[in-house]
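Student: This is the structure, below, for whatever I ask next.
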Amino acid sequence: MDFLARREHSFYELQNKLLSKFPEAPLSRVSDVLDRLREENLQSDNRFAESFVRYRKSRGFGYRHIRNDLQSRHVDESVIDKYLRRDDEAWETILNSLIEKRLEEGAVIEFGSSQHRKIVRFLESRGFEIARIVDVLKNWKN
């Protein structure tokens, strides 16, 4: 309960935390506890995915990055698809905000310049798709 009181956890995360905290506990006992938490709706992968997506978007991460993080936490694909959409209009807003923070006031981005390549690499590392990055940079005006 202490783990869940701090933030939402995926079933997989919670299982790993419990197994590392109580290594002598049999897996069946840990599974029983987790199943009971799910039945009482105290642990929910749906709630976890929803809050995780909202938080990571607010921190400036893109679709691919968030999707990979959820997959690494063993969240079911159908749950991921429910809360994370590739065609979400928020991606463009997030990209514009990140670009604005990286560039000086009134800066112009020339295609192929070192500044352009640097911004593209940064945005790709944040998990944004190259096609969306190119579209936003093409239409970007400070």
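The values are calculated or read from the model by the stated rules, or taken from the named source; none is laboratory data. Owing to the predicted nature of the structure, the values given are computational and were not obtained by experimental measurement. Note that each Cβ is placed from the backbone with ideal geometry, even for glycine, and that neighbours are counted across all protein chains shown.
Student: Go through (1) small (G, A, S); (2) under 18 Å from D69 (Cβ atoms); (3) out of contact with any His (no Cβ under 8 Å at 6 or more places or on another chain) for G127 and report which single condition fails.
Tutor: Tallying (1) small (G, A, S); (2) under 18 Å from D69 (Cβ atoms); (3) out of contact with any His (no Cβ under 8 Å at 6 or more places or on another chain), G127 fails exactly one: (3).
Student: Here's another thing I want to ask about it. Taking the range 68-90 as the region of interest, how many residues are more than 14 Å from R132 (Cβ to Cβ) and basic (K, R)?
Tutor: Taking the range 68-90 as the starting set, the residues that turn out to be more than 14 Å from R132 (Cβ to Cβ) are 68-84.
Still in the list and also basic (K, R): 73, 82.
Going through the range 68-90 one residue at a time, the tally reaches 2.
Student: Let me ask something else. Which residue pairs have Cβ atoms under 8 Å apart, sit 6 or more places apart or on different chains, and have a first residue in the range 40-67 that is more than 17 Å from S125 (Cα to Cα) and a second that is surrounded by fewer than 16 Cβ atoms within 10 Å (Cβ to Cβ) and modelled with pLDDT under 95?
Tutor: Listed pairs, sorted by first residue: L42/M1; L42/L4; Q43/L4; S44/R38; S51/R7.
Residue-by-condition table, conditions (1) in the same structural domain as R7 (by TED's automatic domain parsing); (2) surrounded by 17 or more Cβ atoms within 10 Å (Cβ to Cβ):
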residue: R36; (1), (2): yes, no
residue: N41; (1), (2): yes, no
residue: D45; (1), (2): yes, yes
residue: S51; (1), (2): yes, no
residue: F61; (1), (2): yes, yes
residue: L70; (1), (2): yes, yes
residue: I119; (1), (2): no, yes
residue: F122; (1), (2): no, no
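Student: Out of everything in the range 83-117 that is surrounded by 15 or more Cβ atoms within 10 Å (Cβ to Cβ) and under 21 Å from the mean Cα position of the chain (by Cα), what residue ends up being farthest from E50 (Cα to Cα)?
Tutor: Per the stated criteria, the residue is I99.
Student: Moving to a separate point now. Would a scan of the range 36-51 turn up a residue that is more than 24 Å from the chain's Cα centre (by Cα) and farther than 22 Å from S78 by Cα?
Tutor: There is at least one residue in the range 36-51 that is more than 24 Å from the chain's Cα centre (by Cα) and farther than 22 Å from S78 by Cα.
Student: Now for a different question. Scan the range 91-105 residue by residue and report those that are under 17 Å from E129 (Cβ atoms) and touching a helix residue (DSSP H, G or I) at 6+ places or on another chain (Cβ under 9 Å).
Tutor: The answer is W91, E92, I94, L95, N96, L98, I99.
Student: For the range 90-129, which positions are β-branched (V, I, T) and within 12 Å of W140 (Cα to Cα)?
Tutor: Across the range 90-129, the qualifying residues are T93, I99, V108, I109.
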